[in-house]
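To start, I am sharing the structure in question, which I have written as C-alpha cells.
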Amino acid sequence: MSSPFFEVPATEWVAHNALAFAVRDRFPVSPGHTLIVPRRLVATWFDATEAEQHALLALAAEVKRAFDAGPSPPDGYNLGVNVGEAAGQTVMHLHLHVIPRYRGDMDDPRGGVRHVIPGKGNYLRDR
C-alpha cells in the first residue's frame, strides 16, 4: 500500500521528529491548515503505536507554538482525525489535522468538530 504523503519531499515539511512529520494541507480549510503524519504507513489512529500517537501530538504542539509566535496568531484551533470511510477518511494513512481558527471565519463556531454531522454542530442554538 502506498501513501500520497510519502510523495511530499522533506523540503516541504514544516516540522518533524523521529516518528512523524508535518506538512501544510493541499486543500486547507483555513490558512495554515497542517497535517501531522506518521512516517510509518498506518491506516488509523487506533492502528498507531502509543509512541507514534505521542509523536503526532508532540508535533501538533510544535506547530501550534509556531503559529502562536507568528504575525497573526490564530484565535483557536481544531484538531481532528478521521478514522475509516464512514468518518470521512479518504487517505488511508493516518493524519492529524491541525486547523487554525480565526474569529469570524464562520458565523457561529460553537460546536466545533460536532459540525461533521450537518445540523448537529451547535446544540445550543435551538435552546
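The numbers here are math on the coordinates, done by the rules we state, and not lab data. What you are looking at is a predicted structure, and each value in this text was computed from that prediction instead of being measured. Every residue, glycine among them, receives a Cβ derived from its backbone with ideal geometry; neighbour counts consider all protein chains shown.
For the chain, what is the mean residue ellipticity at 222 nm derived from helices alone (per DSSP H run of n ≥ 4: -39500 (n - 2.57); sum divided by total residues; nearest 500 deg cm²/dmol)?
Working: 1 runs with 19 residues, N = 127.
The helix contribution divided over the chain gives -5000 deg cm²/dmol.
Can you compute the FRET efficiency between Asn17 and Ala86 using 1/(1 + (r/R0)^6), with r the Cβ-Cβ distance and R0 = 25 Å? Round to the nearest 0.05.
Computed FRET efficiency for Asn17 and Ala86: 0.25.
By DSSP, what percent of the beta bridges with both residues in the chain are antiparallel, rounded to the nearest 5?
Just about 100 percent of them are antiparallel.
Please arrange Tyr102, Tyr77 by how many other C-beta atoms lie within 10 Å of their C-beta, fewest to most.
Details: Tyr102 15, Tyr77 18.
By the 10 Å Cβ count, ascending, the order reads Tyr102, Tyr77.
How much net charge surrounds Glu12 when only the other residues with a Cβ under 12 Å from the Cβ of Glu12 are counted, with Lys and Arg +1 and Asp and Glu -1?
0
For Asp75, Asp25, what's the fewest-to-most ordering of other Cβ within 10 Å of each Cβ?
Ranked by crowding around the Cβ, least crowded first: Asp75, Asp25.
Can I ask one more? For the chain, take the longest principal axis of its alpha carbons; what is the angle in degrees between that and the long axis of helix 50-68, to the nearest 10 within 0 to 90?
Relative to the chain, helix 50-68 is tipped by roughly 60 degrees.
Something else now. Could you work out the relative contact order of the chain? I mean the mean sequence separation of Cα pairs under 8 Å and 6+ apart, divided by the number of residues, in percent.
24
Each label point is 7 Å from the Cα along the Cα-to-Cβ direction; what then is the distance between the points at Arg26 and Ala43, in nm?
So the label points at Arg26 and Ala43 sit 2.3 nm apart.
Kindly rank 60-70, 105-115 from highest to lowest mean number of other beta carbons found within 10 Å of each residue.
Peptide ranking by packing, descending: 60-70, 105-115.
For the stretch 14-104, build the charge dipole from Cβ charges (+1 Lys, Arg; -1 Asp, Glu) around the Cα centre, then report which of Tyr102, Pro38, Leu19 sits farthest towards its positive end.
Value: Tyr102.
About the Cα centre of the chain, how large is the charge dipole given +1 on each Lys and Arg Cβ and -1 on each Asp and Glu Cβ? Please answer in debye to the nearest 20. All intermediate terms of the calculation are to be shown ahead of the outcome.
Details: 13 positive and 14 negative charges, 58 e Å.
I would put it at about 280 debye.
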